[in-house]
Amino acid sequence: MLRIALVQRPPGSGDLSPIGEAAALGADVVLLPEMWSTGYSMADLALAERLDGPFVASARQAAARHRVAVVPTLLEQVDAGVRNTAVLIDREGEVRLVYAKARTLSHAAQAFLDVVAGS
């Protein structure tokens, strides 16, 4: 049986300790809330990171250390601006899938992303 842990904490801390907590409870996959790395704080684009940045690197290390698949979410910096991204990391710490949402759940955040991306 596949055990999936859904982390229910406010996003924005970037805290990856729930990965170890969920793994200790027997989770096979840990899903972090949308925009986990920054929350919906769009005021500071310096919070956006590329996929090869420290947030995803730390999530990859945690996945490998705890032998659990992880789906962290972040404000990703891309050449065209920023986007709301989820990354599937396997239990060896390898990135297997990257998904960027077309729209956010926050109208204010989406308006900000549209302006930054030039939409």
Contour minus Cα-Cα span, residue 102 to residue 46, at 0.36 nm per residue, comes to 18.0 nm
Label residue 58 and residue 79 with points 7 Å out from Cα along Cα→Cβ: what is the distance between them in nm? 2.9
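Coordinate-derived values only; no laboratory data. Just so you know, these numbers come straight off a predicted model, no measurement behind them. Glycine also receives a Cβ, built like all others from the backbone with ideal geometry; neighbour counts cover every protein chain displayed.
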